[in-house]
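Student: After the structure tokens below, expect a handful of questions from me.
Computed from the coordinates by the stated procedures, all read-outs in this text should not be read as laboratory data. Computed from a predicted model, the values in this text were never measured in an experiment. Cβ sites come from the backbone with ideal geometry, for glycine too, and all protein chains shown count toward neighbours.
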Amino acid sequence: MNKQFEPVIVGFLCNWCSYRAADLAGTARIHYAPNMRPIRVMCSGRVDPQFVLKALREGADGVMIAGCHPGECHYVEGNIKTLRRFILLKKMLAQLGIEDERVQLIWASASEGIILAEAVNRMTEQIRALGPLNWQEKVLGGGNGHGHPAVIEPAQEAEEVLYD
Amino acid sequence: MSEKVGVYICHCGTNIAKTVDVEEVALWAGEQDHVDVAREYKFMCSSLGQELIEEDIKEKGLTKIVVASCSPHMHEKTFRTACVRGGLNPFMFEMANIREHDSWTTDDREAATLKAKALTKAAIERVIHNQPLEPLPVEINPNTLVVGGGIAGISAALELAEAGNHVYLVEREPSIGGHMAQLDKTFPTLDCSACILTPKMVDVGQHPNITLLTYSEVEAVGGYLGNFDVTVRKKARYVDEEHCTGCGICIEKCPYKVVDNVFEAGLGARKVIYRPFPQAVPKYPVIDTENCVYFQRGKCKACQIFCPTDPNSIDFEQQDEILQIVVGNIILATGFDLFDVSQIPQYGYGRLANVFTSLEFERMVNASGPTDGKIVLRDLETPPESVVIIHCVGSRDENYHKYCSKVCCMYSLKFAHLIHERLPEAEVYNCYIDMRTPGKGYEEFYNRLLEEGTHFIRGKVAEVSDVARIEEEEGKLIVQVADTLISKQRRIPVDMVILSPAMEARNDSQEVSQLFRMGCDFDGFFVERHPKLDPVATMTEGIYIAGACQGPKDVPDTVSQGAAAAARVASFISRGTVMMEPIRASINQELCSGCRICNTMCPYNAIVFHEDSNVSEVITALCQGCGTCVAACPSGIITGAHFTNDQLLAQIEGILWDVRSNLDLVPVE
């Protein structure tokens, strides 16, 4: 019997809400899929779109960005900046043929361990159903190394448009 | 430079070791590039665990340290200090959270061990790029803002003021005192609430170190620990506080009365120019413009005509004042609301006249209340012959609030006692789900009530109705309850029903938490930094919480929290300066293209643009280190200290170490 596919998800969790939500989920012994590997950032606003691309390129099957609820950001509105950036990034990812479910933005406050855990479970199942990302084939078309710079630059151009 | 990394994997007793193969992770870590030593140890946070790190730094000349254990919010400081003792800069340390984020979240040992490796590898890769940093000193403004003038805010303000610190106490209502001022007796000692509260209120009013801002609200909060800029709106009272003597003649002469829905809970009336209660602090009255005939129709002015002061203290032209204050710390003590019992229609409140809320009953039994302390039905004449007190109205109820409101059992017992005392002939029933009396002298009070002859019925009340089935029920309220101790449905005909509603978060707690940039939980109560070990601090440095805004609690707990929050603030004030994490952004002036994208990113206006040199610059003192500008810079020349691109990109590579090796990719960077 084939072993079922275990997706690897990189999670960018903000220090004040979502990282603590994950801490709380652990403290409360809420069991959830071990597929999300968290990276702490001070604010979800620190998540440069190139981090997401980097993670996907390095072999992640999905990326979760988690921040404070809108209006509750520790840094006033960093999460709103994240949201704006995220919408644009998603458009670009769609053009690269990367499925919608692979990159998700969620809000979890420090008291919402259960919400974070449920989001991880949901996302794990969604990506399990999609199968591995295979960046090499999907985005690069066979692994000849073409297009790396081309992937990075639209994101930066896009940002300039957004924040002009 | 070649780095020598020390990696320490913690068992945390069995907390980690039960799910993660700690030995395996340590062996594997030892084989990773740059790793000089990898160990596993039972408790890394113990003195011996810390000494292990210190000795290795000294003996093996380690340059970087990784500890894989619990959350950095638990022990990052502990290990950073150990690094300092070993002779390293504290920022040469990185923590992998393999407990909260791993071992506690799964039973799958294989998956947990793999995840532990990924998190450890990410920390190793990241720590190689860590740079030494020096903490930033921040001066603490010695003034403190206390929001809310209930017993929590009063306790906090007095503690700080007595220690010689200046306090701004902001209260929304015209007087301080809060809910406690409305109560008659306090359980279990039956102290008169006003008798123990009013001396404290007077102390606040007269204290040279307290600036009392009543009838005021905080409108905006800027800044951070040490230097918060607070905007307070002091609403117009239409009474000149400088000249008013508080004689009360204006109140006496005012010809109009309205129902007092705030202090008297709708049971009594007050004048249109009023003081909420006789012992109010400050003593100055306030005009309720919505009901004032002068403000509505331009006639009357009785208050002004009869005001005996010279110059006249009534000022119809008075405007709201906007005050700007600077404080170093903020204590929120905004209190609670009572659950709206009309949400449970089967209990009949609002439909059946003789169903009362606990607060109405408090005012009724209060000697200075609307009935002069007489327990009477809604006609304000007839004393009840029988009373049912219903516990847990809206608390411990899946439909409303799941939590226990903690104080209702005790005050419901107090009500029973007061009814026995004033109406010895009356029958009193307490319908409870579970009797919860934990506290000093509380269980003894319950035993006293058992002896006083209260009928205790263990069961949740299904309905209060006025539909009689038999003659004895005619003209009565019938309480339908399942008595679970005798396994019988009972119908109890009584004259009066008192509902003990849940304590709930203030209806605007969400907005308040946003204003002060701290969190609310599901129920709207403010979230403490740690539920056990840091119950009065919040996630936001410099902002503390006390009293029922954090969760339901009684007077002694509230007073303790007020004092605890004050002690925390006082320790900051006495230090004068605190060291903050130097997580700040900086712009490379040589490479900045002057596009100004970052300027609009910063919520603190910490980025200035120099027109002459056409570059942007971060004002370090204002920067809070979120890193939003770092991510936005199209040239990638803003550095977020301790969260640099190098560190985070390396961490991403590390965290994907196992899947990464399957890829045959050309490196991009």
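Student: What percent antiparallel are the DSSP beta bridges of region B:165-292, to the nearest 5?
Tutor: Working: 16 of 20 bridges.
Roughly 80 percent of the DSSP beta bridges within region B:165-292 come out antiparallel.
Student: Antiparallel versus total DSSP beta bridges in region A:1-154: what percent is that, nearest 5?
Tutor: Details: 1 of 17 bridges.
Expressed as a percentage, antiparallel bridges in region A:1-154 total about 5.
Student: What FRET efficiency comes out for the pair A:Ile114/B:Ala367, r = Cβ-Cβ distance, R0 = 60 Å, nearest 0.05?
Tutor: 0.80
Student: Per the helix-only calculation at 222 nm, which mean residue ellipticity applies to the protein assembly as shown, given -39500 (n - 2.57) for every DSSP H run of n ≥ 4 and division by its residues, nearest 500 deg cm²/dmol? Write out the running numbers ahead of the final one.
Tutor: Numbers: 24 runs with 261 residues, N = 833.
Mean residue ellipticity, 222 nm, calculated: -9500 deg cm²/dmol.
Student: Also: Quick one: of the DSSP bridges fully inside the protein assembly as shown, what percent are antiparallel, nearest 5?
Tutor: On the way: 53 of 118 bridges.
Expressed as a percentage, antiparallel bridges in the protein assembly as shown total about 45.
Student: May I ask for the Kirkwood hydrodynamic radius of region B:1-115, worked out over all distinct Cα pairs and given in angstroms to one decimal? Working shown, then result.
Tutor: Numbers: mean 1/r = 0.0721 Å⁻¹.
Across region B:1-115, the inverse of the average 1/r is 13.9 Å.
Student: Further question on the same structure: To make sure I understand, if each residue's beta carbon is the centre and we count other beta carbons within 10 Å, what order do B:Asp108, B:Asp554, B:Asp379, A:Asp23 fall in, fewest to most? Spell out each step's value before the answer.
Tutor: On the way: B:Asp108 14, B:Asp554 17, B:Asp379 8, A:Asp23 25.
Neighbour counts put them in this order, fewest first: B:Asp379, B:Asp108, B:Asp554, A:Asp23.
Student: Would you kindly state how much longer the chain becomes between B:Gln343 and B:Thr309 on full extension, computed as 0.36 nm times their sequence separation minus their alpha carbon distance, in nm to one decimal?
Tutor: Values: separation 34, 0.36 × 34 = 12.24 nm, distance 4.79 nm.
That works out to 7.5 nm of additional length.
Student: Rounded to a whole number, what is D in µm²/s for the protein assembly as shown from Stokes-Einstein with the Kirkwood radius over alpha-carbon pairs (4 °C, 1.567 mPa s)? Write out the running numbers ahead of the final one.
Tutor: Values: Rh = 30.3 Å.
Taking Rh from Cα pairs, D becomes 43 µm²/s.
Student: So, one more: Label-point separation (nm) for B:Gln589 and B:Val293, each offset 7 Å from Cα along Cα-to-Cβ?
Tutor: Between B:Gln589 and B:Val293, the simple spin-label model gives 7.1 nm.
Student: To continue, here is another question. Work out the length of the dipole vector of the protein assembly as shown about its Cα centre, built from +1 on the beta-carbon of each Lys and Arg and -1 on the beta-carbon of each Asp and Glu, and round it to the nearest 20 debye.
Tutor: Working: 78 positive and 111 negative charges, 76 e Å.
Once rounded to the nearest 20, the dipole reads 360 debye.
Student: Something else about it: Can you grab the distance from the C-alpha centre of region B:401-437 to the C-alpha centre of region B:93-133, Å, no decimals?
Tutor: Between the Cα centre of region B:401-437 and that of region B:93-133, the gap is 52 Å.
Student: Now for a separate question. Excluding B:Ile492 itself, what net charge comes from residues whose Cβ is under 10 Å from its Cβ, given Lys and Arg +1 and Asp and Glu -1?
Tutor: On the way: positive: B:Lys476, B:Arg490, B:Arg491; negative: B:Glu427, B:Glu473, B:Asp483.
Taking every other residue near B:Ile492 into account, the sum is 0.
Student: Need one value for A:110-118: mean number of C-beta atoms belonging to other chains within 10 Å of its residues' C-beta atoms. Please list the in-between numbers first.
Tutor: Working: counts 10, 8, 3, 2, 1, 1, 0, 1, 0.
For this peptide, the per-residue mean of nearby foreign Cβ atoms is 3.
Student: So, counting K/R as plus one and D/E as minus one, what does the shell of residues with Cβ under 11 Å around B:Ala570 add up to? Show your work: numbers first, answer last.
Tutor: Numbers: positive: B:Arg568, B:Arg575; negative: B:Glu159, B:Glu162.
Charge balance near B:Ala570 sits at 0.
Student: Then there is this: Find out how many positive minus negative residues lie around B:Ala468, taking Lys and Arg as positive, Asp and Glu as negative, among other residues whose Cβ is under 12 Å from that of B:Ala468. Let's see the in-between values first.
Tutor: Numbers: positive: B:Arg469, B:Lys476, B:Arg491; negative: B:Asp466, B:Glu471, B:Glu472, B:Glu473, B:Glu474.
Its environment carries a net charge of -2.
Student: For the protein assembly as shown, with the dipole built from +1 on Lys and Arg beta-carbon atoms and -1 on Asp and Glu ones, taken about the Cα centre, which of A:Gly71, B:Ile196, A:Gln136 lies farthest toward the positive end?
Tutor: B:Ile196
Student: Using Cβ counts within 10 Å as a stand-in for footprinting exposure, how do B:Trp104, B:Trp28 rank, fewest first?
Tutor: Details: B:Trp104 23, B:Trp28 19.
Arranged by neighbour count, lowest to highest, B:Trp104, B:Trp28 become B:Trp28, B:Trp104.
Student: Between B:Asn89 and B:Asp612, what's the calculated FRET efficiency when r is the beta-carbon distance and R0 is 41 Å? Round to 0.05.
Tutor: Values: r = 36 Å, r/R0 = 0.88.
Efficiency computed from Cβ-Cβ geometry: 0.70.
Student: Step by step: find N for region B:334-457, compute 2.2 N^0.38 Å, then divide the Cα radius of gyration by it. What's the final number?
Tutor: Working: Rg = 14.6 Å, N = 124, 2.2 N^0.38 = 13.7 Å.
Expressed relative to 2.2 N^0.38 Å, the Cα Rg reads 1.06.
Student: A follow-up question, please. Compare the Cα positions of A:Leu13, A:Val103, B:Pro438 along the charge dipole of the protein assembly as shown (+1 at Cβ of Lys, Arg; -1 at Cβ of Asp, Glu; about the Cα centre) and return the one farthest towards the positive end.
Tutor: The one lying farthest along the dipole's positive direction is B:Pro438.
Student: Mind sorting B:Lys115, B:Lys488 by how few other Cβ atoms lie within 10 Å of their own Cβ, fewest first? Before the final figure, lay out each step's value.
Tutor: Working: B:Lys115 26, B:Lys488 10.
Fewest-to-most ranking of B:Lys115, B:Lys488: B:Lys488, B:Lys115.
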